[in-house]
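Structure first, commentary second.
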Amino acid sequence: VFTADVVPQAPEDPLFGLMAAYHRDSSNLKVDLGIGAYRDDQAKPWILPVIKKADERVRNDPNFNHEYLPIAGLSEYCLAAQRLVLGTESPAIKENRVCTFQTISGTGAVHLGALFLSKFHPNQSHTKVYVSNPTWVNHHQIFGNVGWPIAIYPYFSTESKGLDIDGFLGTLKTAPEGSIILLHACAHNPTGVDPTQEQWKQIAAVIIERRHFPFFDTAYQGFASGDLARDGWAIRYFVELGLELCIAQSFAKNFGLYGQRVGAFHFVSAPGAEATGTNRRIFSQLAILQRSEISNPPAYGARIANVVLNDPELFAQWEDDLRTMSGRISDMRKGLRKRLEARGTPGKWNHITDQIGMFSFTGLTEPQVQILREKWHIYMIKNGRISLAGLNSRNLDYVAEAFDDAIR
Ligand code: PMP
């Protein structure tokens, strides 16, 4: 029998504990480097100016209402999300090979994909999902929840604080044929380390050779480099090669629509005469899964995103806003590196600016992280990951001084 007594206490989420400790700290020097959302130079959440405009337009639309969306979501939004991730000229779009469902942000998209693969994979118990070491911790939970055995591929080199490409390729080569390979499209979380285009080509070649199935997670398109096409390059390249793959897309970071839960899941099938029929089959099954999981996706945030994605003027303004965010993050990277090098802080600091996106694996050790927290009121995860969004022009000097002290 089931009773509440059989439910054990779960371990505390490390980020949750960190945030609670940060909020309890009454020091006015405290710095939050654990934060997973963009902050402006005043350390405040930032509503993108383009989102304010689009929101007004949605609200003032005389036809606005709170009806349900279709099961697959807002259709113009889904088509715009496809064009954004794959490029307007994508052969996959032209050949009707992309099946898209609006999802509960990126998390929901990863889940829908994991669930879909678990339902239709002919041999789930003997197939593993390979994730990078390390990866966004939720990947383990989401795939695990729907029965996927998980394996890891080497990714971060503690020595260079860059990509361990040899380890990565080596594991792809020895993984059983037909494994599922989870890839971060850009701005890898938590390391900030991305493959170069040359390295992506090597990765794709092994994936083709070993007939692995690529599953892209894209949560930072445009937020990483400020350039939507550049951040979408790897996915577009894989699609150009004719690979069958799926994509979990989040608009949380790049639109700053975190709590609105705006995302999409795309299944891109291989080129071929049967493409339209394949797409119809995939759609029919995803519709059943979506119906049983969420019935239909949340409407408001998707309507806002839809306005921006489909209005050329607002789209151009969005690109400006993306450059504002990625530019500030990049300035913080440069500022931190410059200050540490100026102090002669032991170690090399080029990785701070080589890495990209919201996060950086600093190389700080657990005891150093502890010193930063106890002596300096600076909060970050034990693995030494910092969120660059927590830095600003007022705390950069202080943070650099504290890092220097903790490292010495
Ligand atoms: N994937 C990765 C790698 C992420 O970093 C995030 C955001 N933390 C997500 C997916 C999804 O987040 P959300 O559900 O808020 O879109």
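FYI, it's all coordinate maths here, none of it is from the lab. None of these values were measured; they are calculated from a predicted model. Cβ sites come from the backbone with ideal geometry, for glycine too, and all protein chains shown count toward neighbours.
In the set (1) within 21 Å of LEU115 (Cβ to Cβ); (2) within 10 Å of the ligand (Cβ to nearest atom), the condition left unmet by VAL268 is number (2). Of all residue pairs spaced 6 or more apart or on separate chains, those with beta-carbon atoms under 6 Å, a first member in region 258-275 that is more than 15 Å from PHE215 (Cα to Cα) and a second member that is more than 16 Å from the ligand (Cβ to nearest atom) and among the polar types (S, T, N, Q) are ALA275/ASN96. Scanning region 254-268 for residues that are in a loop (DSSP other than H, G, I, E, B) and crowded, with 23+ Cβ neighbours inside 10 Å yields one hit, LEU257.
Please determine, by comparing only the residues of region 112-126 that are crowded, with 18+ Cβ neighbours inside 10 Å and out of contact with any Asp or Glu (no Cβ under 8 Å at 6 or more places or on another chain), which one is farthest from GLU274 (Cα to Cα).
ALA114
Filter region 108-143 down to the residues that are within 17 Å of HIS188 (Cβ to Cβ) and among the hydroxyl-bearing types (Ser, Thr, Tyr), then identify the one that is nearest to the ligand (Cβ to nearest atom). This residue is THR135. Selection over region 232-253 of residues that are out of contact with any Ser or Thr (no Cβ under 6 Å at 6 or more places or on another chain), assigned to a helix (DSSP H, G or I) and within 11 Å of the ligand (Cβ to nearest atom) gives a count of 1. At least 2 residues being over 28 Å from PHE16 (Cα atoms) is the threshold, and among the helices (runs of 4 or more DSSP H) wholly inside region 275-387 those reaching it are 275-293, 300-310, 312-343, 350-354. Note on region 84-192: enclosed strands (runs of 3 or more DSSP E) holding 3 or more residues that are closer than 21 Å to PRO297 by Cβ are 98-104. Of all residues in region 211-231, those satisfying the criterion of being away from the ligand (no atom under 15 Å from the Cβ) and more than 11 Å from ILE181 (Cα to Cα) are SER225, GLY226, ASP227, LEU228, ALA229, ARG230.
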